[in-house]
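I have placed the structure first, in the form of structure tokens, so that the comments after it can refer back to it.
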Amino acid sequence: MRSLIGKEAPKFKAKAVINGNQIVDDFSLEQYLGKKYVVFFFYPLDFTFVCPTELHAFQEKLAEFEKRDVQVVGCSVDSEFSHHAWLNLSKKAGGIQGVKYPLVADLSKSISESFGVLAGEYVEDEYGNITFEGAPVAYRGLFLIDKAGVVRHCVINDLPLGRSVDEAIRTVDALQHFEEFGEVCPANWSKGKEAMKATDEGVAEYLSKN
């Protein structure tokens, strides 16, 4: 799988549901260029089991992302109508009512494929027919995209493994600390902790104190 780190995030225009109830035809991450960081995450399917726990977890921490100037965007291989229906189902019934950040519809699976998270691939059989091998859904991929549209961090989990939203916030903090102060962030760094200069002296000083 090719890495997108350090490269411009793949561009797309797609249908999406925004604000929990409004369907738009031409949603694009390009609208955030120069304005916001983006946490763009993929999940396998609407109306499933681990997925609603993740979507609600991102919503619960949405204010934390917003105060860091981050736009959260979700995406799966479902249609915009499936997203809309799930958004109108209560949390008690397994729905995601109350989620306000955009949910992108990747029914063609082209966005998942371009980000390298599709859990399978199209292949040609011996008769020349195109078939799909694997699971025709997205892995749990998450991409942190900076204001210039460049991917600075990604993590991809297998289907059964839910993500840590707190870790996504920590990574945003690390990137923003580096951008503001020019210091790099060591293992297990979190906001408010000591970072270090990217020099031999800086590493030696940090290790001597920790």
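Just so you know, all these numbers are worked out from the coordinates, no wet-lab data involved. If you're wondering where the values come from, they're calculated on a predicted model, not measured in any experiment. All Cβ positions, even for glycine, are placed from backbone atoms using ideal geometry, and neighbour counts span all protein chains on display.
Table for the structure above
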{"item": "R0 of 41 Å, Cβ-Cβ distance Ile23-Glu201: FRET efficiency to nearest 0.05", "result": "0.15"}
{"item": "Which listed pairs, of Lys15/Lys61; Lys92/Lys193; Lys7/Lys91, have C-alpha distances above 29 Å, in listed order", "result": "Lys92/Lys193; Lys7/Lys91"}
{"item": "Shape call, the range 1-145: gyration tensor on alpha carbons, a/c limit 1.5", "result": "oblate"}
{"item": "Under 21 Å from Lys11, Cα to Cα: lysines that are on another chain or at least 8 residues apart", "result": "Lys35, Lys36, Lys109, Lys147"}
{"item": "Packing rank of 51-61, 35-45, where each peptide gets the mean count of other beta carbons within 10 Å, highest leading", "result": "35-45, 51-61"}
{"item": "Rounded to 5, percent antiparallel among DSSP beta bridges of the chain", "result": "75 percent"}
